[in-house]
1. Given a 1.4 Å probe, how much area per residue of the chain is accessible, in Å²?
2. The range 145-170 to the range 271-291: how many Å between their Cα centroids?
3. Run the paramagnetic zone check for Lys252: 7 angstrom along Cα to Cβ, then residues of the range 196-221 with backbone nitrogen under 13 Å.
4. For a quick check: with amide H placed at 1.01 Å from N, whose amide H comes under 5 Å from Gln56's, ignoring anything fewer than 5 positions away on the same chain?
5. Students often forget the sequence filter, so: which aspartates and glutamates lie under 15 Å Cα-Cα from Lys240 once same-chain residues fewer than 8 apart are removed?
6. Where in the range 224-266 does the amide nitrogen come within less than 17 Å of the point 7 Å from the Cα of Gln277, taken along Cα to Cβ?
7. Would you work out the Kirkwood radius for the range 99-233? I mean one over the mean of 1/r across all pairs of different Cα atoms, in Å.
8. Using only the heavy atoms of the protein chains and a 1.4 Å probe, how would Ser220, Ser21, Ser14, Ser237 rank by accessible area, largest first?
Amino acid sequence: IHSCDQQKVKKSLSRIIERASDSEIVTMSCHTFKHKLIYTEMVCIPTTFFGETAVQIILRDISERKQTEELMLRSEKLSIAGQLAAGIAHEIRNPLTAIKGFLQLIKPKTKDRDQYFEIVFSELSRIEIILSELLMLAKPQQTASMQTLDLKKIISEVTALLETQANLNGILMNTSEIEEGLLMNGDQNQLKQVFINLIKNAVESMPDGGKVDITAKAESDGILVTIRDEGVGIPESVMKRIGEPFLTTKEKGTGLGLMVTFNILENHNGTIRVDSQPEKGTVFHIMFPAK
Ligand code: ADP
Ligand code: MG
C-alpha cells in the first residue's frame, strides 16, 4: 500500500474490527509486485473467521476508470482554455499593433536610447509569438480548410524551413524513411504547425547537437508518423501533465506548443503517443486516419 494511504486504510480496518461501522469503501493506491502503481477501491465488510472477528476485503483495480476521469478533466480544461485564449489574444493584439506602430514612429528621435528600444521590441515580439500560438488554439474550430494532402510534401516543406536553425545547432534531420504517396485529409497550415512544434521541441532537446529522425508509413489502420530525438527526455513530472497550457521547462518557452499540437490532432481525428527516456531521447508517434 502506498505510504500516503496507509493511515487511512488502517483507520478503516480498525473501525470495522471494533464494529464502529458496518462497511466501508476506501480508495487507495498500491504497488504491485512488478512495481507498477495502480489505483484500487477497497470494500471492507465485518465478518468472522473461525469464530474470530475479521474483515472481509474486496479489492478492485480502478486505474482505468481513474485515467478516464483524468482525461475528461483535461479535455474540459483544454476547451475552456481554448475559448479564453482566443478571446484574450484578439483583445490584446489590437492595442499591441498600435503600440508597436507608434514606437516605430518615435524611434529615430532618441538615438541614445537604442538599447531600450531593442528590449522593448524583442519583448513585444515575444508577446506576439505567444498570442499567435494562442490564436492557433481557436482556429481548429473556426476556419480549418480540409483538403487532400501529400504528407511527404508537407513534412519536407517544414524541414526546409527548420533546416537552418537545426544546422546551426549541429542537428541532422533524417527524412529518408518517409514513404511516397501518403495521402490524408487535413488543413495544410495546421498540420505544418504540428510538425513545426514537434520538430522544434526535438531540436531544442539536444543543446549539444544530435539527430532527429522523422518517419512516415502506411499501416493497416492509418498513417503512422514518428518524430524521434536523442535529447534530454521528458521528466516524469512533466510527462504527467504533458499538453497542459503554460507547462514549460525552458527559459524562453511558452508551454503552448504541445497543447496546440494535441488540439489540432484531435480535430484531424489523429492520435498521439509519447515515449521518453531521460538522457536517451523522446519519440512522438502520431496516427492519422488514411484518406
Ligand atoms: P515549450 O517548447 O514552449 O516549452 P511545449 O508545449 O512545446 O512548450 O513543450 C512543453 C514541455 O514539454 C517542454 O518545455 C519540455 O519540457 C517538454 N518537451 C516537449 N517535447 C520534448 C522533447 N522532444 N524532448 C524533451 N522534452 C520535451
Ligand atoms: Mg515547444
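The values are calculated or read from the model by the stated rules, or taken from the named source; none is laboratory data. Just so it is clear, the structure is predicted and the values come from calculations on it, not from any experiment. Here the Cβ positions follow ideal geometry from the backbone for every residue, glycine too, while neighbour counts run over all protein chains shown. In case anyone asks, the SASA skips ligands and DNA or RNA and just uses the protein heavy atoms, side chains included. Shrake-Rupley method; radii C 1.70, N 1.55, O 1.52, S 1.80 Å.
1. Working: 18160 Å² over 291 residues.
Result: 62 Å² of accessible area for each residue.
2. 18 Å
3. Flagged as within label range: 204.
4. Those qualifying (amide H under 5 Å, at least 5 residues apart or on another chain) are Ile45, Thr47.
5. Once the sequence-local aspartates and glutamates are set aside, what remains near Lys240 is Glu69, Glu70, Asp275.
6. 227-236
7. 17.6 Å
8. Values: Ser220 130, Ser21 25, Ser14 50, Ser237 80 Å².
So the residues, ranked largest to smallest area, are Ser220, Ser237, Ser14, Ser21.
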